[in-house]
Amino acid sequence: MKVVIQRIKNASVSVEDREISAAKEGFLLLVGIDKTDKNENIENMAKKIAKMRIFEDEQGKMNLDIVQTQGEILSVPQFTLNARTGKGNRPGFDNAADPEQAKNLWIKFNDFLKSYGIKVKEGVFGSHMKVKLVNDGPVTFVLEEFSGTGR
């Protein structure tokens, strides 16, 4: 599993020029599910994200998590995060989970995030989406959770 976290002032997702979902201050998550990912990986990643202290406290230090700031999350599935790009010029996607597995795990991931009391908005799985955001900072991190298969 790979997740790109962008700290945002706001973000939205549109499908066919119609806004589907939007979030205020918090995170935009681009979520890639690997074919070897299991519930444990999804749960670990959700916990890590919920606990990441990347919001500024009164002293301007990154010391607060999204729960403490009552931030929102916009979670967007993105299979291209699992692309192999080391050889040639065309990305390979054989590491990405099949669509049914990926959708189920993405939904579970969002449910785990919600279990921390975080308001989670969602993109549309399998759709061509347009994502708009105002990155705050900019603050961006890439997180990876491996299933123990020795990638």
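The values are calculated or read from the model by the stated rules, or taken from the named source; none is laboratory data. Keep in mind it's a predicted model, so treat the numbers as computed, not measured. Glycine gets a Cβ as well: all are built from the backbone with ideal geometry, and neighbour counts include every protein chain shown.
Of the residues making up segment 1-53, those that are under 10 Å from the mean Cα position of the chain (by Cα) and not aliphatic (A, V, I, L, M) number 4. Inspect all residues belonging to segment 119-128 and state whether any of them is acidic (Asp, Glu) and modelled with pLDDT of 95 or more. Checking segment 119-128: at least one residue is acidic (Asp, Glu) and modelled with pLDDT of 95 or more.
If we scan segment 9-26, do we find a residue that is surrounded by fewer than 14 Cβ atoms within 10 Å (Cβ to Cβ), under 25 Å from Val124 (Cβ atoms) and not acidic (Asp, Glu)? Full working, then the answer.
Here is the first cut: in segment 9-26, the residues surrounded by fewer than 14 Cβ atoms within 10 Å (Cβ to Cβ) are 9, 16-19.
From what is left, the residues that are under 25 Å from Val124 (Cβ atoms) are 9, 16-19.
In the following step, the residues that additionally are not acidic (Asp, Glu) were identified as 9, 18.
Scanning segment 9-26 turns up at least one residue that is surrounded by fewer than 14 Cβ atoms within 10 Å (Cβ to Cβ), under 25 Å from Val124 (Cβ atoms) and not acidic (Asp, Glu).
Here is a check on your reading of the model: is Gly126 at positive phi and in contact with a Pro (Cβ under 9 Å, 6 or more places away or on another chain)? So Gly126 fits the description; yes.
Among what's in segment 99-151 and is of a type in the set (Asp, Glu) and surrounded by 14 or more Cβ atoms within 10 Å (Cβ to Cβ), pick the residue that is nearest to the chain's Cα centre (by Cα).
Taking segment 99-151 and keeping what is of a type in the set (Asp, Glu), we get 100, 111, 122, 136, 144-145.
Those left that are additionally surrounded by 14 or more Cβ atoms within 10 Å (Cβ to Cβ): 122, 136, 145.
Working: Glu122: 10, Asp136: 16, Glu145: 12 Å.
The selected residue is Glu122.
Determine, yes or no, whether Ile73 is without any contact (Cβ under 8 Å) to a residue 40 or more places away in the chain and surrounded by 13 or more Cβ atoms within 10 Å (Cβ to Cβ). Here the answer is no, as Ile73 does not meet what is asked. Take the conditions (1) in contact with a Pro (Cβ under 6 Å, 6 or more places away or on another chain); (2) modelled with pLDDT of 95 or more; (3) exposed (fewer than 15 other Cβ atoms within 10 Å of the Cβ); Thr85 misses just one of them, which is (2). Pairing residues of segment 117-146 that are under 14 Å from Ala11 (Cα atoms) with residues that are surrounded by fewer than 16 Cβ atoms within 10 Å (Cβ to Cβ), at Cβ distances under 6 Å and at least 6 apart in sequence or on separate chains, gives Val120/Lys114; Met129/Val15; Val134/Lys9; Asp136/Lys9.
Just to verify a result, which residue in segment 51-81, among those that are touching a helix residue (DSSP H, G or I) at 6+ places or on another chain (Cβ under 8 Å) and not in a loop (DSSP other than H, G, I, E, B), is modelled with the lowest pLDDT?
Initial filter on segment 51-81 (touching a helix residue (DSSP H, G or I) at 6+ places or on another chain (Cβ under 8 Å)): 65-67, 73, 75, 77, 79.
Restricting the remaining residues to those that are not in a loop (DSSP other than H, G, I, E, B) gives 73, 75, 77, 79.
On the way: Ile73: 98, Ser75: 98, Pro77: 97, Phe79: 91.
Out of the qualifying residues, it is Phe79.
Starting from residues that are exposed (fewer than 15 other Cβ atoms within 10 Å of the Cβ) and of a type in the set (Asp, Glu), keep the ones in segment 54-66 and report whichever is nearest to the chain's Cα centre (by Cα). Explain how you work it out, then say what you get.
To start, the set of residues in segment 54-66 that are exposed (fewer than 15 other Cβ atoms within 10 Å of the Cβ) comprises 57-63.
Now drop any that are not of a type in the set (Asp, Glu), which leaves 57-58.
Details: Asp57: 23, Glu58: 27 Å.
Among those residues, the one meeting the criterion is Asp57.
Within the bounds of segment 90-99, is there any residue that is at pLDDT 95 or above, farther than 17 Å from Glu43 by Cα and touching a helix residue (DSSP H, G or I) at 6+ places or on another chain (Cβ under 8 Å)? Looking through segment 90-99, none of the residues is at pLDDT 95 or above, farther than 17 Å from Glu43 by Cα and touching a helix residue (DSSP H, G or I) at 6+ places or on another chain (Cβ under 8 Å).
Looking only at segment 93-116, which residues are closer than 19 Å to Ile73 by Cα, hydrophobic (A, V, I, L, M, F, W, C) and without any contact (Cβ under 8 Å) to a residue 60 or more places away in the chain? The one that is closer than 19 Å to Ile73 by Cα, hydrophobic (A, V, I, L, M, F, W, C) and without any contact (Cβ under 8 Å) to a residue 60 or more places away in the chain: Ile107. Thr36 meets all of the listed conditions (1) closer than 13 Å to Val3 by Cβ; (2) at pLDDT below 95 but one, namely (1).
Tell me the residue from Met45, Met62 that is under 16 Å from Gly117 (Cα atoms) and touching a strand residue (DSSP E or B) at 6+ places or on another chain (Cβ under 8 Å), please.
Exactly one residue qualifies, and that residue is Met45.
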